[in-house]
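What follows is a single structure, written as structure tokens, with notes after it.
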Amino acid sequence: MLVGGLLMVAAACLTIYNLHEDSVAASASSKVLQSLVEERNKNMTSAADSDLPTGISGEIDEENTIDPDTPMPTILVDGTAYIGTILIPALGLELPVADDWDYTQMKISPCRYSGSAYRGDMVVCAHNYTSHFGPIRHLQPGDEVIFVDALGREFHYKVEKVETLGPFGVHEMVASEWELSLFTCTLGGKARVTVRCSRTQE
Amino acid sequence: MKHHFSKSLIVIFSIICLLCSSVVSFAKSQAHSLKIKFITDAGPVEGANFKLYQVMSTDGTLYGDFADLQVEVGDLTDSENLSSLASTLASYAAGGTGEPIAEKKSDALGHADFSNLTSGIYLVTGSSGKIGNTIYIPKPALLRITELSDESIDVNVKYTMLSDIQKVSYTVKKVWENDESTARPDSVTVQLLQDSEVYDEVTLSSSNDWTHKWDDLSADHKWNVVEKDIPTGYTVMVALDENIFTVTNHWTTSSETTETTDITTTEPSTTTEPSTTTITPPPTTTITGSKTDKLPQTGQLWYPVCILFISGLLLFLIGFVSKRLSDDNEKE
């Protein structure tokens, strides 16, 4: 009986821990988002006056066409490089996207897993916190997803399908024909909910 | 019977605890710490100032200010290329490109510790230190950290040494690569920096065979070589071998749109002779790729909640029922 009670207490503690982690992640990403958007707006303003924005790596394309092989420009926030923000209106989510992924960074924001928005093969991963990609499993075909890069250029996508890949589906994840893929763990943690999107003309 | 039942409970509980602890430890975030060891034949060097720059993402894409440089990253598994790249990036960093993410002085053990490092490729640069009459100059190094790297990483600093009363000399040599010579300028300007200040400026051209030598330089200073105005369409790489700076401009057709950058500096490592001490190269060169064959674990630990709760509930009920049964038996 005592052991059973202890296990139930452990379950309660883990639940509290998860909720706390979720709330910390929400606050961290919102802080980064604010700085990122401010910095991006500042750079866009200065870019309108001069040639290259300060504090930003990359080039402004004067002809509004992007070389697919151009590395995605980044903005540094607290020493971490971010390639832009992702907006999912159907879920009321707007999140910063880090340039590269690791487990520490995923506690703060979604991260680019592979590819490039310019090349049309970007894959973004995030934790399944309710404030991050947890709700993406509810997305429906036709829902809009917008990625805004560090130079303020918008890339509009629509959800084509939501599928589940296995934990070893790296090849399926990155070598697909989809122009944008978002993924996170299922609640069980074993598989990956993957949202496949195609680019639209705004 | 009752004794066996209790024993089984303990075993089940232990297994569940073990499973939970392993799951928790797996899911723990992978923040890395780095210990730089500046230890020479004569002992540890205290007070050397080490700077850590995050210069690239793990896939070799240059970060932040470094991304604006006309530097060719090249093959990150080639140790010779890595050494030149580290030297070149350290030169830019010395010239004011990028901000170090952390800065530490080596302690009495010659150690400088950095913590909370995330995945990326880092540049480590250090100032020289003195033991007796000998100056020890750490060589810059690149270090790749991925989530697969050990949590705690030790790096033994490579270094060169010279006597503090010694005068040093440097030669700079210009090399052109992969070009048709039609785009090649008639001359380039190279600067010698003394502790980041311009000490001398020379023009290299075919008339001086694209080389120049500086003599009688004080060993007490840090010397950098700088290529001013990198020609359009070229990348730059500066390598230091013994006391010869080789400034290589590589023609690259893909960089037609890039503009001329101001200055490139070269990490000096003011050396007259290489150290005889052999030091393990940093892990940079040995780790490959940031991706694994498994997609990242992006889930919170919700499933153990169910396991714990259901197991707990079951055990609680079993305990409750068995207690009731034993109470009834005792009454009878």
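Read-outs throughout are calculated quantities, based only on the coordinates presented, and are distinct from any laboratory measurement. This one's a predicted model, so the numbers in the text were calculated from it and none came from an experiment. All Cβ positions, glycine included, derive from the backbone under ideal geometry; neighbour counts span all protein chains shown.
For the stretch B:66-172, what value does the Rg/Rh ratio take when both radii are computed over Cα atoms and Rh is the Kirkwood radius, given to two decimals? All intermediate terms of the calculation are to be shown ahead of the outcome.
Numbers: Rg = 15.4 Å, Rh = 15.8 Å.
Rg/Rh: 0.97.
Restrict the search to the stretch B:151-215; then list the trypsin sites (Lys or Arg not before Pro) that DSSP places in a loop and that have at most 15 other Cβ atoms within 10 Å of their Cβ.
On the way: sites: B:Lys158, B:Lys167, B:Lys173, B:Lys174, B:Lys213; in loops: B:Lys158.
Listed in order of number, the matching sites amount to none.
If Lys and Arg each add +1 and Asp and Glu each add -1, what is the summed charge of the other residues whose beta carbon sits under 15 Å from the beta carbon of B:Lys213? Provide the component values of the computation, followed by the final result.
Working: positive: B:Lys167, B:Lys173, B:Lys174; negative: B:Asp200, B:Glu201, B:Asp209, B:Asp215, B:Asp216, B:Asp241, B:Glu242.
Taking every other residue near B:Lys213 into account, the sum is -4.
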Segments A:121-127, A:148-154 sorted - mean Cβ within 10 Å per residue, highest first: A:121-127, A:148-154
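For the peptides A:137-147, B:132-142, what is the packing order when you average, over each peptide's residues, the other Cβ atoms within 10 Å and list the highest mean first?
Order by mean packing, descending: B:132-142, A:137-147.
How high is the FRET efficiency from B:Asp107 to A:Asn41, r the C-beta distance, R0 56 Å, rounded to 0.05?
Details: r = 43 Å, r/R0 = 0.77.
About 0.80, to the nearest 0.05.
Restricting to DSSP loop positions (anything but H, G, I, E, B) with no more than 13 other Cβ atoms inside 10 Å of their own Cβ, which GluC sites (Glu not before Pro) remain in the stretch B:77-164?
Details: sites: B:Glu80, B:Glu103, B:Glu147, B:Glu151; in loops: B:Glu147, B:Glu151.
Answer in residue order: B:Glu151.
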Nearest 10 degrees is fine. How inclined is helix A:2-49 to the longest principal axis of chain A, computing both from alpha carbons? 10
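Residues of A:92-104, mean number of Cβ from any other protein chain within 10 Å of their own Cβ, rounded to a whole number? Don't skip to the end; give the middle numbers.
Details: counts 0, 0, 0, 0, 0, 0, 2, 6, 12, 9, 14, 11, 9.
Taking the mean over all residues of the peptide, I get 5.
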Computed from the beta carbon distance with a Förster radius of 60 Å, FRET efficiency for A:Ala26 and B:Ala42 to the nearest 0.05 stands at 0.65
When N counts the residues of the stretch A:117-202, how does its alpha-carbon radius of gyration compare numerically with 2.2 N^0.38 Å, as a ratio? 1.05
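For the stretch A:2-199, report the % of Cα-Cα distances exceeding 25 Å. Display every interim value, and only then the final one.
Working: 7418 of 19503 pairs.
Of the Cα pairs, 38 percent sit more than 25 Å apart.
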How large is the dipole of the stretch A:2-199 about the Cα centre if only Lys and Arg carry +1 and Asp and Glu carry -1, each at its Cβ, rounded to the nearest 20 debye? 1020
Please name whichever of A:Val159, A:Ser131, A:Gly120 sits farthest to the positive end of the charge dipole of the stretch A:2-199, dipole taken about the Cα centre and charges placed at Cβ: Lys and Arg +1, Asp and Glu -1. A:Ser131
Protection proxy ranking of B:225-235, B:322-332 - average other beta-carbon atoms within 10 Å, highest first: B:225-235, B:322-332
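Which whole number gives the average, over all residues in B:302-311, of C-beta atoms from other chains lying within 10 Å of the residue C-beta?
On the way: counts 9, 5, 6, 8, 3, 4, 10, 9, 3, 6.
That works out to 6 on average.
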Within 10 Å of each Cβ of A:71-81, how many other protein chain Cβ atoms are there on average? 4
Quick one: of B:Lys51/B:Lys139; A:Lys31/B:Lys294; B:Lys130/B:Lys228; B:Lys51/B:Lys167, which pairs are farther than 21 Å apart, Cα to Cα? A:Lys31/B:Lys294; B:Lys130/B:Lys228; B:Lys51/B:Lys167
The ³J(HN,Hα) series, computed from each phi in the stretch B:133-149 with the Karplus coefficients 6.51, -1.76 and 1.60 at θ = phi - 60°, rounded to the nearest Hz and given as x for glycine or proline, is 9, 10, 9, 10, 10, x, 8, x, 9, 9, 9, 9, 10, 10, 5, 8, 5
DSSP-defined beta bridges in the stretch A:2-199 - what % are antiparallel, rounded to 5: 90
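List the pairs from A:Lys190/B:Lys35; B:Lys105/B:Lys158; B:Lys35/B:Lys174 whose alpha-carbon separation is above 28 Å, in the order I gave them. Mind showing how you got there, number by number?
Working: A:Lys190/B:Lys35 35 Å; B:Lys105/B:Lys158 16 Å; B:Lys35/B:Lys174 36 Å.
Violating the 28 Å Cα-Cα cut-off are A:Lys190/B:Lys35; B:Lys35/B:Lys174.
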